[in-house]
């Protein structure tokens, strides 16, 4: 790979000192950052491609810490429902997905993430109907096609309605099937190396769709294999009521009793946590994926992101499933996180730089990848987002970080992932966006027809 020089832009590094430059440069060699500096770059670098980035802001590529890519083809359904009603409406539709559906949905969702500055994302896939094909493999192929760094999790549900769970019985699996498939996914796909583009996590779905035994055995498997653990937790008051009725405890107390706290664990949502639970997450090093748009869309509430951060809990941002966040834009979540935090905590509840931190270095920490990505520093992987801030929408906003976080969605001039261009001038480099859109539309139409959903 040739040397790439991003030259003449404002730079927010998110390094340990939170260094920023009004005018700076970034030099990329061999997929990693070799230099970040003040002022213009040297002009005599051999075999270098210079990117004139005057009028732009360079940030680390954004990191998405919670998603459900398969939902991209079920957007716009049950738009006025709360979580449990929304789930029971959509479970029968999701039960009809197959490998082709997931490949199209994941390509669309990952493409949208890339177009909104995301270089690293996770995914939580937990619907595995019999005969559906290689669903995890389909989304891994989609991530490779787009060019994103990917941490998909092998999710699961084994607690169907006949046993007191929320999902219908035909879309849950037995424990042996789940554990065998999860181990195979790790053995075949997980790459723990420093240049990895693909890691695997273990992710039983939720306390109301998974048995105690599966939670315990999944944690044991993940720790034996040295991979991360993920689940939904404390998203709604309905979940809190469910856990108190079935387990005699809060959701956080329940999962703690099963060994589900630690620096290898992150929870999605964590909206309804009391002070004691926040303290236990902080003491144990457990992380949280904050999904403000989805929580608002489903009426779940507002995550106590300020209290979590002040307690020392690593907090990243997540888009969440596209069926509960039809925009699918990670950039949008920065603005939402600021507005939600300030709506309940005042103007100092979350700064614009705090939001960008959650979307970059803190998000990388949540996924256990902060030693390699999440900041612009020599030696780190060259995951760089370059935002155009010299158009009408942003030209007179004095602070470039405020322009990015609070302004209209900024045009993405360039997205590098490990030094490779994934987006250039607002267009995907590796795939035809319009062809992807047609495939998504066809997959959605076919899925809804199979599920018997009429418009």
Relative packing of peptides 74-81, 164-171, 94-101 - highest average C-beta neighbours within 10 Å first: 94-101, 164-171, 74-81
Virtual paramagnetic centre 7 Å along Cα→Cβ of residue 399, amide N under 19 Å, in region 10-29: 10-15, 17-23
Rotationally averaged projected area of region 223-314 (alpha carbon convex hull; nm²): 5.8 nm²
Efficiency of FRET from Cβ geometry, residue 274 and residue 18, R₀ 41 Å, rounded to 0.05: 0.85
Helix 330-345 vs. the chain, principal-axis angle (Cα, 0 to 90°, nearest 10): 70 degrees
Taking region 127-280 and dividing mean pair separation by its residue count, relative contact order in percent (alpha carbons under 8 Å, at least six apart): 19 percent
Gain on full stretching of the segment that runs from residue 249 to residue 432 - 0.36 nm per residue minus C-alpha separation: 60.9 nm
For region 62-366: relative contact order, % (alpha-carbon pairs under 8 angstrom, 6 or more apart): 20 percent
For region 11-83 versus region 182-245, the gap between their alpha-carbon centres in whole angstrom: 28 Å
Spherically averaged projected area of region 134-264 from its Cα convex hull (nm²): 8.5 nm²
Label-point separation in nm, residue 162 to residue 176, each point 7 Å along Cα→Cβ: 1.7 nm
On Cα atoms only, tilt of 175-189 relative to the major axis of the chain in degrees: 20 degrees
Crossing angle, helix 212-225 versus the chain [Cα axis fit, 0-90 degrees, rounded to tens]: 40 degrees
Three-way shape call for region 111-172 based on the alpha-carbon gyration tensor, with the a/c threshold at 1.5: prolate
Calculated [θ] (222 nm, deg cm²/dmol) that DSSP helices of n ≥ 4 give over the chain, each run adding -39,500 (n - 2.57): -11000 deg cm²/dmol
Inverse of mean 1/r across different Cα pairs in region 62-366, Kirkwood, Å: 18.9 Å
Fewest-first ranking of 249, 277, 294, using other Cβ atoms within 10 Å as the exposure measure: 249, 277, 294
Average projected area [Cα convex hull, region 315-455], square nanometres: 11.6 nm²
For the chain, share of DSSP beta bridges that run antiparallel, in % to the nearest 5: 45 percent
Chain lengthening between residue 220 and residue 371 when straightened (0.36 nm per residue, less Cα-Cα): 51.9 nm
Relative contact order of region 32-161, pairs being alpha-carbon contacts under 8 Å that are 6 or more residues apart, as %: 28 percent
Highest to lowest packing among 54-66, 300-312, scored as the average C-beta count within 10 Å: 54-66, 300-312
Approximate spin-label separation residue 85-residue 212, in nm, with each point projected 7 Å along Cα-to-Cβ: 3.3 nm
For region 257-299 and region 374-418, distance of Cα centres in Å: 28 Å
Enclosed volume per residue, in Å³, of the convex hull spanned by Cα atoms of region 143-190: 98 Å³
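Since every read-out is calculated from the coordinates, none of them should be taken as a lab result. Predicted, not measured: the structure shown is a model, and the values here were computed from it. Here the Cβ is made from the backbone with ideal geometry for all residues, glycine too, and neighbour counts use every protein chain on show.
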